[in-house]
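Chemist: First the structure, then my questions, so here it is.
Read the figures in this text as sums done on the coordinates, not as results from a lab. This structure is a prediction, so every number in the text was calculated from the model and none was measured. Quick reminder, even Gly has a Cβ in these numbers, built from the backbone with ideal geometry, and neighbours come from all protein chains shown.
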Amino acid sequence: MRFFSQRRRFSDLSEQEVLALAISSEEDDARIYRSYAERLRADYPDTAHVFEGMAEEEDRHRQRLIALHEKRFGKTIPLLRREHVAGYYARRPVWLVENLGIERIRAEAEMMERDAEHFYHIAAQRSTDAETRKLLGDLAAAEAAHQQTADRLAEEHLAEDAKTAEDRTARRQFVLIWVQPGLAGLMDGSVSTLAPIFATAFATQDTWTTFLVGLAASVGAGISMGFTEAASDDGELSGRGSPVKRGVASGVMTTLGGLGHALPYLIPDFWTATTIAVLVVFVELWAIAWIQNRYMDTPFFRATFQVVLGGALVFAAGVLIGSG
């Protein structure tokens, strides 16, 4: 189960801390763009040059932010990074993205600029200092211009990609609001309930008791995951959309993930119910791997290895404990 986030909310940050967060984010993004440029230099030298230019632009943004911070608050910049703030956009590890080819790198760059633009718009609205508000607004406009650069990369190197920018935005919102929380819920419900359900099954060999334990575990996990997802991020800063929708997606899929292998125990015969439940578990795990590959761009064999191995270990633990 996930716990309520202990990270700070964006609305609680002071203007100095907002500037510190922007400075560290620009530094991280410049480093990421330089990594992309190095990765693409041999096969796509023109694209690598574009990413180098984008990294230099992020450096200039950082320098302007530092100059403003020194003017308003002094030279000591608070240590505040994106992982310290609830709902703040995250970046995929460079080593993961760079192995997926230019299409994925282009899409990631476009998403990075969209996230940064959204952040600067929100930060500018909260600022009470005219100079700070102007700078943050200027940076939002600059990040929007970078999105056009990412679109040009698609036209130059991915001519077969006929999707419009609106289609990509709609798909991204669908993934953020429904797929990500739903997938997290399905994984949690499917895997975390394996041990208690099968431990109860092999300990009692009573199908009705096993079903009740599975029902309680699934519903309880669904409620917990749903409230956790809704409370962890209000969607204002991250752009992930309605917390209620995300909470519903996470809660419902968590419950369904557990019920999938609990429902077979409505069958009175223990071994028939257990055989069907085991088959359902394999279907659930393969479905999780497919969703990760289809919507999260996780290589299929990597997703399969992670999910199936993890599920098999939890399943084995439940059987061993119940048989002991």
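Chemist: With label points built 7 Å along Cα→Cβ from the Cα atoms of ILE223 and LYS134, find their separation and express it in nm.
Modeler: 5.5
Chemist: In nm, what is the difference between 0.36 nm times the number of residues separating VAL244 and PHE73 and their Cα-Cα distance? Display every interim value, and only then the final one.
Modeler: Values: separation 171, 0.36 × 171 = 61.56 nm, distance 3.80 nm.
Value of the extension gain: 57.8 nm.
Chemist: What ranking do PHE174, PHE119 get, fewest neighbouring Cβ atoms within 10 angstrom at the top?
Modeler: By the 10 Å Cβ count, ascending, the order reads PHE174, PHE119.
Chemist: Mind pulling the angle between the C-alpha long axis of helix 101-126 and the longest principal axis of the chain? Nearest 10 degrees, somewhere in 0 to 90.
Modeler: On a 0 to 90 degree scale, this one is about 70.
Chemist: Okay, next question. What share of Cα pairs, in percent, lie more than 13 angstrom apart in the stretch 276-324? Show your work: numbers first, answer last.
Modeler: Working: 675 of 1176 pairs.
Of all Cα-Cα pairs in the stretch 276-324, 57 percent lie more than 13 Å apart.
Chemist: Please order ASP115, ASP234 by the number of other Cβ within 10 Å, starting at the fewest. Write down the numbers at each step before the final one.
Modeler: Numbers: ASP115 21, ASP234 16.
Least to most surrounded, the residues fall as ASP234, ASP115.
Chemist: Rank these for me by crowding, MET54, MET111, going from fewest to most other beta carbons within 10 Å.
Modeler: Details: MET54 23, MET111 18.
With the sparsest Cβ surroundings first, the list reads MET111, MET54.
Chemist: In debye, nearest 20, what is the charge dipole magnitude of the stretch 176-287 about its Cα centre with +1 on Lys and Arg Cβ and -1 on Asp and Glu Cβ, if you could check? Write out the running numbers ahead of the final one.
Modeler: Numbers: 3 positive and 8 negative charges, 23 e Å.
Here the stretch 176-287 has a charge dipole of around 100 debye.
Chemist: Using only Cα atoms, what is the ratio of the radius of gyration of the stretch 166-323 to 2.2 N^0.38 Å?
Modeler: Ratio of Rg to 2.2 N^0.38 Å for the stretch 166-323: 1.10.
Chemist: What is the ratio of the Cα radius of gyration of the chain to 2.2 N^0.38 Å, where N is its residue count, to two decimals? If you can, show how the numbers build up before the last one.
Modeler: Details: Rg = 23.5 Å, N = 324, 2.2 N^0.38 = 19.8 Å.
Computed over Cα atoms of the chain, the ratio equals 1.19.
Chemist: Using a Gaussian network model of the chain whose springs link C-alpha atoms within less than 10 Å, name the residue from GLU70, GLU58, GLU27 with the highest mean-square fluctuation.
Modeler: Comparing GLU70, GLU58, GLU27 in the GNM, the peak value goes to GLU70.
Chemist: Quick check on the chain: helices-only [θ] at 222 nm, where DSSP H runs of length 4 and up contribute -39,500 (n - 2.57) each and the sum goes over total residues. Nearest 500, please.
Modeler: Computed ellipticity for the chain at 222 nm equals -25500 deg cm²/dmol.
Chemist: Oh, and also: Which of the listed residues, ALA201, VAL175, SER232, is farthest toward the dipole's positive end in the stretch 169-318, when Lys, Arg count +1 and Asp, Glu count -1 at the beta-carbon?
Modeler: With unit charges placed on the Cβ atoms, the residue in question is VAL175.
Chemist: Still on this model: Report the gain in length on full extension from GLN125 to ALA312: 0.36 nm times residue separation, minus Cα-Cα distance, nm rounded to one decimal. Kindly include the intermediate steps, with their values, before the conclusion.
Modeler: Numbers: separation 187, 0.36 × 187 = 67.32 nm, distance 4.93 nm.
Taking GLN125 through ALA312 to full extension adds about 62.4 nm, to one decimal.
Chemist: Right, something else. Once the Cα atoms of helix 270-295 and of the chain are each reduced to a long axis, what angle between those two axes, in degrees from 0 to 90 to the nearest 10, is obtained?
Modeler: 10
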